[in-house]
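Read the figures in this text as sums done on the coordinates, not as results from a lab. What you are looking at is a predicted structure, and each value in this text was computed from that prediction instead of being measured. As a convention, Cβ positions derive from the backbone with ideal geometry for all residues, glycine included, and neighbour counts pool all protein chains shown.
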Amino acid sequence: MTTSSHAADLARQTCTAPAERSDRMRDIVVAAAPGGAIRVLDLGCGTGSLVRRLADALPDASIVGIDISPANIEAARRANAGAGGRVRYEVADYLRFEADPFDVVVSDGVLHLVDADTSALVEKLAKDVRPGGVFVCDMPYACAYNTAFAVVRRLLRSIRASWTDELIFQIARALHGRQMDAGSLRERVAYMYLAPKRVMNDRLMVAFASAGLRRTAEYAARSTSPSQLRHRVTVFVRDEAAR
């Protein structure tokens with residue numbers, strides 16, 4: 001993510017994915033990934049919950065997790081202490097991140113928040129997936145619910161204050177206090193002010209296809225809250241003949 005208002009919001013905080021969500025993403029990635037000593041990039045890794053699961057499930061893989069938030073990367077490194085050299089975390093703006101192409105790139109609930117030209121972002125993703133490699137993406141898709149909720153988030157952002165933060169937290173605690181602790185709920189307050197920069201739709205699919213990323217599978221993603229945008233997981237393979 002670039003140094004936009006979205007990136008500034010996210011760079012100051014941690015975000016830990018729910019265990020159930022990381023478990024499902026792990027299973028989808030493992031099913032799609034090639035075998036052997038592969039290289040994996042988790043784009044927007046948060047505190048590393050998916051990276052840790054992939055490291056356990058893919059014992060021959062080397063995995064890099066990047067995130068715009070230093071707080072996320074610090075927490076991920078602490079949680080991964082003793083994991084060895086095949087797992088690495090790095091604070092990075094994805095558009096400026098440079099590495100050899102990966103066998104697998106995964107993005108769980110991040111791609112819609114990257115504040116960049118969509119064409120440039122898609123070209124960057126295609127460049128970072130080796131021919132024959134896979135890109136697994138969980139992001140909001142085009143639907144009336146997401147359109148309406150994006151409007152709500154923009155309105156909340158326009159009036160944001162300490163009292164709106166507290167109101168959002170108290171509502172979240174009433175809805176999810178039995179499933180999540182206070183720290184996890186407070187992590188998510190900032191996301192209520194972030195409207196998606198893009199959603200998965202026909203235009204984005206065409207952009208991926210033009211860049212050599214061909215859709216091969218699609219999975220429903222379970223919504224755990226009425227305040228959550230509706231997501232879907234899409235798996236792409238980079239064509240062997242892609243530029």
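Please arrange 223, 107, 184 by how many other C-beta atoms lie within 10 Å of their C-beta, fewest to most.
Values: 223 12, 107 21, 184 16.
The most exposed by this proxy come first: 223, 184, 107.
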Completion exercise
Here segment 132-141 yields Karplus 3J(HN,Hα) values (6.51, -1.76, 1.60; θ = phi - 60°; whole Hz; Gly and Pro given as x) of x, x, 10, 10, 10, 10, 9, 7, x, 10
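Would you mind ranking 138, 42 by Cβ crowding within 10 Å, fewest neighbours first? Display every interim value, and only then the final one.
On the way: 138 24, 42 28.
Placing the least packed residue first, the sequence is 138, 42.
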Exercise for the section: Quick one: which residues, 5 or more positions from residue 87 or on another chain, have an amide H under 5 Å from its amide H? H modelled 1.01 Å from N in the peptide plane, none for Pro or chain starts. Expected result: 63
Fill in the blank from the handout: So for R0 = 35 Å, FRET eff. of residue 158-residue 217 from the Cβ-Cβ r, to 0.05, ends up at 0.35
Fill in the blank from the handout: For segment 84-243, the percent of all C-alpha pairs falling in each 5 Å bin, from 0 up to the bin holding the max distance, is 2, 8, 15, 18, 17, 15, 11, 8, 4, 1, 0
Handout entry: Signed unit charges on C-beta, dipole axis of the chain, positive-most listed residue 161, 71, 40
Key = 161
Practice task
Please give, to one decimal in nm, the separation of the simple spin-label points placed at residue 57 and residue 205, each 7 Å out from Cα toward the Cβ.
Solution key: 2.5
Practice task
Only helical DSSP H runs with n ≥ 4 go in: add -39500 (n - 2.57) per run for the chain, normalise by residue count and round the 222 nm mean residue ellipticity to 500 deg cm²/dmol.
Solution key: -12000 deg cm²/dmol
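Please give the FRET efficiency for residue 123 paired with residue 225, using the beta carbon to beta carbon distance and R0 = 51 Å, rounded to the nearest 0.05. Could the numbers behind the result be given before it?
Working: r = 33 Å, r/R0 = 0.65.
Computed FRET efficiency for residue 123 and residue 225 comes out at 0.95.
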Fill in the blank from the handout: Most exposed to least, judged by fewest other Cβ atoms within 10 Å, 45, 15, 137 sort to 15, 137, 45
Practice task
Could you work out the Rg to Rh ratio of segment 190-243, with Rh taken as the Kirkwood radius (inverse of the mean 1/r over all Cα pairs)?
Solution key: 1.07
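Send over the Kirkwood Rh of segment 144-192, from the inverse of the averaged 1/r over different Cα pairs, rounded to one decimal Å. Mind dumping the intermediate values first?
Values: mean 1/r = 0.0872 Å⁻¹.
Its Kirkwood hydrodynamic radius stands at 11.5 Å.
Give, in nm to one decimal, the length gained when the segment between residue 30 and residue 100 is fully stretched (0.36 nm per residue of separation minus the Cα-Cα distance). Can you show the working numbers first?
Numbers: separation 70, 0.36 × 70 = 25.20 nm, distance 2.09 nm.
That works out to 23.1 nm of additional length.
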